[in-house]
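Structure, as structure tokens:
Only the coordinates and a few stated rules stand behind these numbers; no lab work does. The model shown is predicted, which means the values in this text are computed figures rather than measured ones. FYI the Cβ positions are ideal-geometry reconstructions off the backbone, even for glycines, and counts take in every protein chain you see.
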Amino acid sequence: MFVVAGEALMDVFTGATTPSGIALDARIGGSPLNVAFGLARMGQKVAFLGGVSNGELGNRLVDALRAEGVSLDAVHRSAAPTTISLIGVDAKGVPEYAFYGTGAADRTLPLEALERMPADARVLHVGSYTMVVGDTAATQRALIDRVRGRTVVSYDPNLRLNVEPSLQVWRDTLEWMLPRTDVLKLSDEDLGLLYPGIDAAAFAADCLGKGAGLVALTRGAHGAFAWHASGVCEVPPVKVDVIDTVGAGDTFQAALLTRLDELGALSPAGVRGMGAETLLDAMRFAAQAAAITCSRKGADLPRRAELGIR
């Protein structure tokens, strides 16, 4: 069982102006939620552990989880509202976010919600702003310490400075996570925000030295790198007509974990002990999956059958 912990929200895309305002297109969203959907579409057994509102938007999120085949057993419902992420996409398809979620359900996950953690969980993915704000941050840290060593821990910082503007908070969280993380994935954009001007290889070496098992860095149109005990791996970008990049990083994460599982490397020891060929295979698979998402509007993640690699 894969377990994904974090936020579930509504992405609201801005559209054309109207005589009385602006057109809006609301879609299911949230980086961890996207990863859960991606894993389910890749044929994995997955549960979502997070706070979801009892309101109309929360009901829609639950319906979406159910429709994607994601287990609801670990979902914590509450009367708190649903976070709304307002998204504008620029001419290059790059999204800009504004979040409205203070006191929302995804930020107020109580410790008792951890009793819903599936007993057969063997992979836990966490990331984005619920690792740095509200009750949920403390709850997820407690969960990570509870499962570390016997469960693969996957982490994507996925910085959202309009939720938590302090870079030091994000840096401190990353430092806390490093000795607890088996698979660390981040974008070059996030790395540039965290440590402006840093050499990526030096950063990765530091992460590995502090306990991370694998460091993967996505670079958009420039492909991706991974650093591991077996060496450095680079994969070129997959050429595609880009509609937008929403959900591409989440797709990469879900696909990377899926392929590592298919190759028999998804355990704490397996991640650290895999060979260079296994890592290259998994990174190529993840890049192909992310390219498919970029060819569609919004976080429309691919299904396993759409990827020809076996």
Self-check item: Dipole in debye (nearest 20) - the chain, about Cα centre, beta carbon charges: Lys, Arg +1; Asp, Glu -1
Solution: 580 debye
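Which of rounded, prolate, oblate describes the chain, given a ≥ b ≥ c as roots of the alpha-carbon gyration tensor eigenvalues and a/c under 1.5 marking rounded, otherwise prolate only if a/b is larger than b/c? Don't skip to the end; give the middle numbers.
Working: a/c = 1.41, a/b = 1.19, b/c = 1.18.
Judged from the Cα gyration tensor, the chain comes out rounded (a/c under 1.5).
Just to be sure I understand: of the beta bridges DSSP finds with both ends in the chain, what percent are antiparallel, rounded to 5? Write down the numbers at each step before the final one.
Working: 24 of 53 bridges.
Antiparallel bridges: around 45 percent, rounded to the nearest 5.
For segment 82-192, what is one quarter of the convex hull surface built on the Cα atoms, given in nm²? Show your work: numbers first, answer last.
Working: hull surface 30.7 nm².
Its average projected convex-hull area is 7.7 nm².
What does the convex hull of the Cα atoms come to per residue for segment 160-310, in Å³? Don't skip to the answer; put the middle values down first.
Values: hull volume 16.8 nm³, N = 151.
Per-residue hull volume (Cα only) is 111 Å³.
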Exercise. Report the relative contact order of segment 26-154, percent, no decimals, based on alpha-carbon pairs under 8 angstrom and at least 6 residues apart.
Key: 21 percent
Quiz item: Tell me, what is the percent relative contact order of the chain, built from C-alpha pairs under 8 Å that lie six or more residues apart?
Solution: 17 percent
Exercise. Determine the calculated [θ] at 222 nm for the chain from helices alone, applying -39500 (n - 2.57) to every DSSP H run no shorter than 4 residues and normalising by the residue count; nearest 500 deg cm²/dmol.
Key: -10500 deg cm²/dmol
Quiz item: Of S53, G69, Y100, whose Cα points farthest to the positive end of the dipole of segment 33-108 (charges on the beta-carbon: +1 Lys, Arg; -1 Asp, Glu; origin at the Cα centre)?
Solution: G69
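Could you please report the charge total around L280, scoring K, R as +1 and D, E as -1 over all other residues with beta-carbon less than 13 angstrom from its beta-carbon?
Details: positive: R259, R284; negative: E234, E277, D281.
Cβ neighbours under 13 Å give a net charge of -1.
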Quiz prompt | Radius 15 Å from Cβ of A79, net charge of other residues (Lys, Arg +1; Asp, Glu -1) | solution = -1
Quiz item: Which of the listed residues, G211, I198, T258, is farthest toward the dipole's positive end in segment 196-258, when Lys, Arg count +1 and Asp, Glu count -1 at the beta-carbon?
Solution: G211
